[in-house]
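Taken together, the values in this text are just the output of simple stated rules run on the coordinates, not laboratory data. Just so it is clear, the structure is predicted and the values come from calculations on it, not from any experiment. Here the Cβ positions follow ideal geometry from the backbone for every residue, glycine too, while neighbour counts run over all protein chains shown.
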Amino acid sequence: MTAIQPMPFTAGGAGEGGRGVVRAWVPPVAAAEFLGFGIPAFAGTMAALADLPPLAFLLVMVAAGAGEGALLGAGQVAAFRRLLPGVPARPWIVATAGAAAFAWSIGMLPSTLGDLGAPVWVSIAVFAVGAPFLLASIPVAQAVVLGRVVPAAHWRWAWVTAAAWAAGLPATAAPTPFVDESTPAAVLFAVFVAAGAVMAVVMAFVTGVGLRALLRGASRAP
């Protein structure tokens, strides 16, 4: 398969020394992830209010995570149309949605096991083993798809994306010490959506900077 060339660094594409890449990438990607994160935030709030059993709660959150990933993938595809024409939309979105569902299943598993009566050490061990897979899920899935477009640099995208999620995800856990079962549902939803907004902007900015470097290197490749 022939690699598709990225847009050159011109005023119409990634111009102004590449600053245009970040400006073209961050708004749609941050907005897509912010809206996407609202799906599990809302689903989790409703599932908690409904007092679903642990396994049902897990399934709800995994499905909601797939919705988050689909929206994120769609936002990234929209940005790629200006920056890297030829990124296949459907495979990218499907891969991102599936990887996000997988990441949510890993992220929810420790608390689910705890709710099912597993000892604390089991939940901690599961988290320790699963955390690298959670962090690598979306980066690896997207890198495989990107390999059809930029074969020489797609694994660099995996590292960039992993770094972006590592920087952004802690924001989603920041409200946890300040909320509990007595927190009103509206407040619970609002604080986690706000945390999701911070995470979305951080993730989008880091991936935007990384994409700028990737495109710059790809455009100079022979």
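Summary table below
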{"quantity": "Residues 60, 122, 94 arranged by fewest to most Cβ contacts within 10 Å", "calculated": "122, 94, 60"}
{"quantity": "Residue-span extension gain [residue 131 to residue 176] - 0.36 nm each, minus C-alpha spacing", "calculated": "14.4 nm"}
{"quantity": "Protection-proxy order for peptides 135-141, 147-153, each taking the mean of Cβ atoms within 10 Å per residue, highest first", "calculated": "135-141, 147-153"}
{"quantity": "Mean Cα-pair separation over length for the chain, i.e. relative contact order, pairs under 8 Å, 6 or more apart, %", "calculated": "28 percent"}
{"quantity": "Helix-only [θ]222 nm of the chain, DSSP H runs n ≥ 4, -39500 (n - 2.57) each, per residue, nearest 500", "calculated": "-27000 deg cm²/dmol"}
{"quantity": "Dipole magnitude (debye, nearest 20) for the chain, charges at Cβ of Lys, Arg, Asp, Glu", "calculated": "1240 debye"}
{"quantity": "Value of relative contact order over segment 98-194, rounded to a whole percent, pairs C-alpha under 8 Å and six or more apart", "calculated": "22 percent"}
{"quantity": "Calculated FRET efficiency for the pair residue 144/residue 23, C-beta based, R₀ 30 Å, to 0.05", "calculated": "0.65"}
{"quantity": "Residue 159/residue 49 FRET efficiency (R0 41 Å; Cβ-Cβ; nearest 0.05)", "calculated": "0.55"}
